[in-house]
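One structure is given below, encoded as structure tokens.
The values are calculated or read from the model by the stated rules, or taken from the named source; none is laboratory data. On a predicted model such as this, the values are computed, not experimentally measured, just so you know. Here the Cβ positions follow ideal geometry from the backbone for every residue, glycine too, while neighbour counts run over all protein chains shown. Surface accessibility is based on the protein's heavy atoms, side chains included, excluding ligands, DNA and RNA. Shrake-Rupley method; radii C 1.70, N 1.55, O 1.52, S 1.80 Å.
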Amino acid sequence: MEMKEMEKESRLVRKKALDMVYKAKAGCLASSLSTVEILTVLYDKMLTDGDRFILSKGHGCLALYAILADLGQFSKKHLDNFCLDGALLGGHPEITTPGIEASTGSLGHGLPIATGITLANKIDNKPNHVYCLLGDGECNEGSVWEAAMFAGQHKLNNLIAIVDYNKLQSSGRSDEIINMHPFADKWRAFNWNAIEVDGHDINGIITAFHKCLEETEKPSVIIAHTVKGKGVSFIENNPEWHSLIPTEDQYHKALEELCEKQL
Amino acid sequence: MRKAAIKAIYELAAKEERVILLLGDVGSWLHRRFKADFPDRFYNVGIAEANVVGISAGLALAGKLPYIYGISTFMTGRCFDQIRVDLCLQNLPVKIIGVSCGTVYAPFGPTHHSIEDIATMRSLPNMTIFSPCDAIETEKIIRDTRHHDGPVYVRLPFEEKQGVHEECRFVEGVPELIKDGIDAVLLATGRLVYSSLLAAKILGEDNIDCAVINIHTVKPINEKALIDMVDEMPIFTVEDHNIIGGLGSAVSEILCENGFSGRFKRIGIADKFSSIYGSLDYLDEMNGLSPAKIAETVVKCIAK
């Protein structure tokens, strides 16, 4: 896709995420909205045959579902049934769903799993990459750093983590709960290549990924500075919106901001 | 039994390239032959149990057959969520070999005892649990795990006091009659199968003819096979594990649901930490798990 198409795709993905949450009265909308550009770039520009992507911040799955549906992994009607009785798609992704590589939702699991897949690729001399998207609050979990230490120790340069660094977690501002700053330095201390980028700048994200592909000695992490709730003004950076469901009025206002067409 | 496990894992790796061995910084010296001969398939992940399991899940997703070797209590307790979600929910072929189960780490104290592992692992869908009673059985069980498509937990002490089998008759899930008897039956698991045989000998001197059955597969137990083997005689379960949630609970579930109305008692750790140090024989005596104490419990129960 060209830049304009990717921007349009990002808006459409946001609209679908909003629709899903509004209809189901369930789902983590704000956490999904901050992932959109990262995932759009990943699926359009980066992932090749044999590569894998693990969404470690499983609660932020709405954008991923929309993108997987667009790619034909499953019918788009499943987006309409999100969280409804007997639905294929629920609040956290399951490995049994086409296109989903791991069952996540319990935080801190994705990076160790991604590390294991990367290790298997290394054993088999496969050149494939494994990408893993984490939340910043998720990085409170010790298991994230256990995996980081192992990956750094074993120089798993085909492992590329991305942290959706939106500075909020479910109870509020991350720096008031566990302040991760200086965040990039923490990764570098464990022998990672750390790159910081605006998490909504498509060109910046593409450049960052390509820099990671050039790395031959270390795993890489892209620290994507994002806005939780990006795209809807009253949700952006608002800690209250971690698990809020839009009212009818809010839904329509959000739609207006995202696109012209309403349900 | 630990040596048998190490030998079996090595032989599996020699035949099957997909086998990967992961340690939680335990047993590196014991697995030195594996490390020397298969260096690209040996990983000491460090003292990081959650990561060991997570990495194993990733390896399995990529088509490998991971074997984890670690201390029972840590490799089941510290990473319970990883076992639950990464291995059981995703039903991946990862094998956890947990050594020093029960109170085997007697001199080290209760932080190193594993008296909850059967309870926790049993509660997980898709998990299979083996508890072999001697080296021969250990080797057979671990060899067979190669064909398991889902997660497996093998619970081991260090070494057997004495072998129970001359020849292995292991059939997964099916309780094994080691000694027949008509007055009572001891359903035992792991190292206490041998202790139960000694207890049965003591009981024999009191004219109590006690059967001993080896429960090597704690989950799933073949219910029909178990019910067919016991009748209304007094039944005792014997385990180096908390009486809550372990073998005793598993057997009682089956007996209750099949209308058993005879006498039943769980012999095991009485829901307390063994905050004492000493030899394993000493702890067994204190915990009522020595052959003499097992026999004493049977006599008291039958006499009521």
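Ordering B:Val99, B:Leu124, B:Ile136 by Cα displacement along the dipole of region B:83-163 toward the positive end leaves B:Leu124 in first place; charges were set at the Cβ atoms of Lys, Arg (+1) and Asp, Glu (-1). Given +1 at the Cβ of Lys and Arg, -1 at the Cβ of Asp and Glu and no other charges, the dipole of region B:16-147 around its Cα centre is 180 debye to the nearest 20. Taking a ≥ b ≥ c as the square roots of the eigenvalues of the Cα gyration tensor, region B:190-230 is oblate, since a/c reaches 1.5 or more and a/b is not larger than b/c. Partner shielding of A:98-109 amounts to 3, given as the average count of beta-carbon atoms from other chains within 10 Å of each residue beta-carbon.
Between rounded, prolate and oblate, where does region A:69-187 land on the alpha carbon gyration tensor, with a ≥ b ≥ c its root eigenvalues, rounded for a/c under 1.5, else prolate if a/b exceeds b/c? Taking the square roots of the gyration eigenvalues as a ≥ b ≥ c, region A:69-187 is oblate. Roughly how many whole Å is it from the C-alpha centroid of region A:193-263 to that of region A:18-42? Cα centroid to Cα centroid, the span is 10 Å. Helical runs (DSSP H, four residues minimum) scored at -39500 (n - 2.57) apiece and divided by the length of the protein assembly as shown put the mean residue ellipticity at 222 nm at -11000 deg cm²/dmol.
Here the relative contact order of chain A, from alpha carbon pairs under 8 Å that lie six or more residues apart, stands at 23 percent. Overall, the accessible surface of chain B at a probe of 1.4 angstrom is composed of carbon and sulfur to the extent of 52 percent. A simple count of charges around B:Asp40, restricted to other residues whose Cβ falls under 13 Å of its Cβ and scoring Lys, Arg +1 and Asp, Glu -1, yields +2.
The accessible-area ordering, largest first, of the residues B:Ser279, B:Ser195 stands as B:Ser279, B:Ser195, per a 1.4 angstrom probe. Charge tally for B:Arg155 (other residues, Cβ to Cβ under 13 Å; Lys, Arg +1; Asp, Glu -1): 0.
Between A:Thr207 and B:Trp29, the simple spin-label model (points 7 angstrom out along Cα→Cβ) gives 5.5 nm. What the pair-distance distribution of region B:37-110 shows, using all Cα-Cα distances binned every 10 Å from zero, is 19, 49, 25, 6, 0 percent.
Calculate the all-directions average of the projected area of region B:112-197's alpha-carbon convex hull, and give it in nm². Projected over every direction and averaged, the Cα hull of region B:112-197 covers 6.6 nm². Highest average first, the peptides A:195-201, A:108-114 ordered by how many other beta carbon atoms sit within 10 Å of their residues are A:108-114, A:195-201.
Each peptide in A:226-238, A:175-187, A:4-16 was scored by the mean count of other Cβ atoms within 10 Å over its residues; highest first, the order is A:226-238, A:4-16, A:175-187. Longer than 30 Å from Cα to Cα, which of A:Lys45/A:Lys230; A:Lys4/A:Lys126; A:Lys76/A:Lys155 are they? Say none if no pair is. The answer is A:Lys4/A:Lys126; A:Lys76/A:Lys155. Mean sequence separation of contacting Cα pairs (under 8 Å, at least six apart), scaled by the length of region A:132-182, corresponds to a relative contact order of 48 percent.
Averaged over the residues of peptide B:81-91, the number of Cβ atoms from other protein chains lying within 10 Å of each residue's Cβ is 4. Sparsely packed loop sites in region B:89-184 (the trypsin sites (Lys or Arg not before Pro) outside DSSP H, G, I, E and B with at most 11 other Cβ atoms within 10 Å) do not occur. Just tell me which lysines come within less than 20 Å, Cα to Cα, of B:Lys300; anything on the same chain fewer than 8 places away is out. The qualifying lysines are B:Lys201, B:Lys265.
Among the residues of B:43-51, the average count of other protein chain beta-carbon atoms within 10 Å of the residue beta-carbon is 6. Please compute how much accessible surface disappears when A pairs with B, both sides summed, using a 1.4 Å probe, and round it to the nearest 100 Å². Summing both sides, the interface buries roughly 1900 Å².
For the residue pairs A:Lys218/B:Lys35; A:Lys16/A:Lys218; A:Lys167/B:Lys95; A:Lys211/B:Lys35; A:Lys186/B:Lys15, the C-alpha atoms sit more than 32 angstrom apart in A:Lys16/A:Lys218; A:Lys167/B:Lys95; A:Lys211/B:Lys35; A:Lys186/B:Lys15. Across chain B, the mean sequence separation of Cα contacts (distance under 8 Å, 6 or more residues apart), normalised by length, yields a relative contact order of 17 percent.
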